[in-house]
Amino acid sequence: MEVINYLQEKGFMSIDDSFYANIRLWASWHKGHVNEFHEHKMYNGKKFISRKRFSLRMAERVCSDIADLLMNEKVSILINDEKIDNFAKGVLKKNKFNVKANEMQALKAAYGTVAYVPYMQGVKVDTITGKVSGGEIKINYVTADYIYPLSWDNGEITECAFGAAKRQGKKDYLYLQIHRLSNAGYVIENKLFETTNGKFVETSLKELKQFKNLAVFIETNSFDRQFVIDRLNLLNNIDKDNPMGISLFANSIDILQAIDITYDSYVREFIIGKKRIFVKPEMAIGLDGDITGFDLNDETFYMLPEDDANSDTLIKEVDMNLRAEEHEKALNDHLNLLSLKIGFGREHYKFEKGTLRTATEVISTNSDLYKSVCKHEIILEDVLKELVDIIIRLGNTYLEMNFKDDTDINIGFDDSIIEDTQSEFQRDLLLTNAGALTVEELRAKYVNETIEEAKKKISNSEQIEDEE
């Protein structure tokens, strides 16, 4: 890779570029099409013919499901200082973090690693004092294929470069932002390379309109990172010394292949096994030589060539038996293996009557899925806190907010995954009917009221009914 070679020439340490081949493979599975697997050739007895395998796209499904469990609308970021809380949430909202956070969790599960890189846009520089101020806090969202670790310690990336593909007119570019440590703290270098038609030539930032006012060097005067690395809490067994994460399904490629082979066979079972009726020519051709008596657009009927119509049977029905049950069983066996391998437990997915279903039963605290989610939340909690810390620091540095540095940040994850809300309500309703739970307690719990508020509402409702 040209980027890796460039960084090594500049004296930076980097991971083996062969690791990015794994990332590209995971990305292909996430898209649901791997050229080397889904495009294949089959011998039909005479010649090899090209075929495309049908895909159940389970890699995308498992990534989407873990993302919904890790980052959904019920996850909260709470700061004990109201002023800071409003500021940080305002920045996150402007950067569409409520939407992007879930998307990045899915991409993290697919690619193994993502990064959040806050930066200042529209900063003013005093030409006399050199002081920078003003601007707006923005966040770049980066996936593993554009993350280039430069130094790390105990798995924590301390220096890193981040890339972004750009296009202007008919030219392609790669924007590279390098975060490196100096004696005075982190320095951010901005570089641009033209990559049109396979080139990799460094060029001026002014080549792109959006970068014409971007500084080549930015001194942060801080030893705290201005980027956040987010990865799954899984051992990188491809290279244990590599600080990058691995995909949720990195160790399940064989199972994904088995699922798609079986699903492809399942679909083609219906294609090749459909009912057909073979008709002798004299049954289909009228006295005037035209084909009559049969709908030419009906795929069920097939008129035999005259030299193949030797049978005495004028019309012959061929109705092949379909092996739907055998295919469903095989698919469910593979889905169970996949579910176990990625930490979702047994029978999380079920293929039934041509449809993929997800288990909806209660998720107990002893389940594999609950334990997996809690395990991944350990890293995600630190990620969210560090991101907010950077936003606060940028607010103090460039926007003169004067916020406290030691503000407590609390992350509240979604506990409803432990038990289905509807199941819980039905259980509480039974307890209320049995007298073990009061109506006020039931209302307070599900209408988000205090016991006192619930009592007043129930009392007012009963009073209106009495008057009627």
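The numbers here are math on the coordinates, done by the rules we state, and not lab data. Everything quoted here is computed from the prediction, not taken from an experiment. A quick note on method: Cβ atoms are made from the backbone with ideal geometry, for glycine too, and the neighbour counts reach across all protein chains shown.
Report the Rg/Rh value for the range 155-199, based on alpha-carbon coordinates and the Kirkwood definition of Rh.
Ratio of gyration radius to Kirkwood radius: 1.13.
With θ set to phi - 60°, apply the Karplus curve 6.51 cos²θ - 1.76 cosθ + 1.60 along the range 325-334 and write out the HN-Hα couplings as whole Hz, x wherever there is a Gly or Pro.
For the range 325-334, the Karplus curve yields 5, 5, 5, 4, 4, 4, 4, 5, 4, 5 Hz.
For the range 1-61, what ratio Rg/Rh do Cα atoms give with a Kirkwood hydrodynamic radius?
Here Rg/Rh amounts to 1.24.
Run the simple label-point estimate for residue 35 and residue 217 please: 7 Å along Cα→C-beta, distance reported in nm.
4.2
Using the Karplus curve 6.51 cos²θ - 1.76 cosθ + 1.60 with θ = phi - 60°, what ³J(HN,Hα) values do you get for each residue of the range 424-440, in whole Hz, with x for Gly and Pro?
5, 5, 4, 5, 5, 5, 5, 5, 5, 5, 8, x, 7, 9, 7, 4, 4
Would you pull out the residues with amide H under 5 Å of residue 160's amide H, same chain only if 5 or more places away, H placed 1.01 Å from N?
150, 179
Full-extension gain between residue 170 and residue 8, please, as 0.36 nm times their residue separation minus the C-alpha to C-alpha distance.
Gain on stretching residue 170 to residue 8: 55.4 nm.
Which residues' amide hydrogens lie under 5 Å from the amide hydrogen of residue 232, considering only partners 5 or more residues apart or on another chain, with H built in the peptide plane?
Answer set, sorted by chain and number: 246.
Using label points projected 7 Å from each Cα along Cα→Cβ, tell me how many nm separate residue 153 and residue 68, to one decimal.
So the label points at residue 153 and residue 68 sit 4.2 nm apart.
List the pairs from 138/404; 166/212; 41/353; 171/191 whose alpha-carbon separation is above 18 Å, in the order I gave them.
Check vs 18 Å cut-off fails for 138/404; 41/353.
Which whole-Hz couplings ³J(HN,Hα) result when phi for each residue of the range 217-233 is put into the Karplus expression 6.51 cos²θ - 1.76 cosθ + 1.60, θ = phi - 60°, listed in order with x for Gly and Pro?
Whole-Hz 3J(HN,Hα) from phi for the range 217-233: 10, 10, 8, 7, 6, 9, 8, 9, 4, 10, 8, 10, 9, 10, 9, 6, 7.
Any chance you could list P(r) for the range 135-237, counting all Cα-Cα pairs in 5 angstrom bins from zero, rounded to whole %?
With a bin width of 5 Å, the distribution comes to 2, 10, 19, 23, 18, 14, 8, 4, 1.
Could you tell me the calculated FRET efficiency between residue 455 and residue 82, based on Cβ-Cβ distance and R0 = 35 angstrom, to the nearest 0.05?
Calculated value: 0.70.
Please identify the trypsin sites (Lys or Arg not before Pro) of the range 7-77 that satisfy two criteria: DSSP loop assignment and at most 10 other Cβ atoms within 10 Å. Which are they?
Qualifying residues, ordered by number: 46, 47.
So, in Å, what gap is there between the alpha-carbon centers of the range 66-114 and the range 176-240?
About 23 Å separates the Cα centre of the range 66-114 from the one of the range 176-240.
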